[in-house]
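Single-structure report; data block below.
Nothing in this text is a laboratory measurement; each read-out follows from the coordinates by a stated rule. What you see is a predicted model; the values in this text were computed from it and never measured. Here the Cβ is made from the backbone with ideal geometry for all residues, glycine too, and neighbour counts use every protein chain on show.
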Amino acid sequence: MSAAQTPTAVLFSEPGARWRTIAYGPALCAIILILEVVRGGAVHWFGLVFCAALLAGFVWLQVLAGKRHISVELTPEQLRQGTEVVPLSNIAAVLPEVDEESWDDEDWESARALGELTGVPRRRKGIGLKLKNGDLVQAWARDHRTLRAELSAALEPATGDEAKEAR
């Protein structure tokens, strides 16, 4: 394999959505169909098959959007948040967590969230990042503590090397 084809290690990953979610609606319709057959009487074949297909179609669109827009992946070279990729070489620091006791908001809490979304997605928590150009942005993840730890560890060797070169 050439250097361009070698797979990189994934330090952190969240899929955003899972394909198995598509099966929940049709499975429920199948259970209802089985109950109707066992119970006797009228069986609503068309209605249940139609609802199963409709549910599967809508959920397929949601899973596709979730995998594209709210997935997170951290490698030793880059952080991908949805469709936006930020090289780790562009990140200057991971900012500290929000102090829940403080009345003041941190500057990074109102910063732009990474990805194409207008803000941090629901059920995810923001992580403040300072870029080398001075901008503040928010990375985000459902498991934000693990992402923060992995991101800090991935940035540490780079900042340590720069500190040694400055001496």
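Counting other Cβ atoms within 10 Å of each Cβ, which trypsin sites (Lys or Arg not before Pro) in the stretch 1-108 have at most 13 and sit in a DSSP loop?
Working: sites: Arg18, Arg20, Arg39, Lys67, Arg68, Arg80; in loops: Arg18.
Taking the stretch 1-108 and a limit of 13 other Cβ atoms within 10 Å, the loop trypsin sites (Lys or Arg not before Pro) found are Arg18.
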remark   = Tilt, helix 24-39 to longest principal axis of the chain (alpha-carbon atoms), in degrees rounded to tens, equals 20 degrees
key: Loop GluC sites (Glu not before Pro), the stretch 1-107, which have at most 11 other Cβ atoms in a 10 Å radius of their Cβ (DSSP)   = Glu100, Glu101
remark   = Taking placed amide H atoms and a strict 5 Å upper bound, the residues 5 or more places from Val43 or on another chain that come that close are none
With Cα atoms, 0 to 90° folded angle of helix 144-166 axis to the chain main axis = 20 degrees
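For the stretch 38-126, which chymotrypsin sites (Phe, Trp or Tyr not before Pro) are in a loop by DSSP, counting at most 11 other Cβ atoms within 10 Å? Don't jump to the answer; show the numbers that get you there.
Values: sites: Trp45, Phe46, Phe50, Phe58, Trp60, Trp103, Trp108; in loops: Trp103.
Here the chymotrypsin sites (Phe, Trp or Tyr not before Pro) that fit, given the DSSP loop and packing criteria, are Trp103.
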5 angstrom amide H check on Ile127, placed H, neighbours 5+ away = Ala139, Trp140
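With N set to the residue count of the stretch 41-91, report its C-alpha Rg divided by 2.2 N^0.38 Å to two decimal places.
Values: Rg = 19.6 Å, N = 51, 2.2 N^0.38 = 9.8 Å.
Dividing the Cα Rg of the stretch 41-91 by 2.2 N^0.38 Å gives 2.00.
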task = Enter the angle in degrees (range 0 to 90, nearest 10) between the Cα long axis of helix 45-69 and the first principal axis of the Cα atoms of the chain, meaning the one along which they spread out most.
result = 0 degrees
remark   = dims of the stretch 12-69, Cα set, principal axes, largest to smallest, nearest Å -> 52, 19, 7
message = Suppose we take every Cα in the stretch 67-115 and form the convex hull; what volume per residue is that in Å³?
response = 101 Å³
remark   = Both in Å, the radius of gyration and Dmax of the C-alpha trace of the chain are 22.4, 85
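Estimate the FRET efficiency between Arg18 and Asp135 by the formula 1/(1 + (r/R0)^6), using the beta-carbon distance for r and 25 Å for R0, to the nearest 0.05.
Details: r = 33 Å, r/R0 = 1.31.
So the FRET efficiency works out to roughly 0.15.
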query = Which FRET efficiency, nearest 0.05, do Asp143 and Val49 yield, Cβ-Cβ r, R0 45 Å?
reply = 0.75
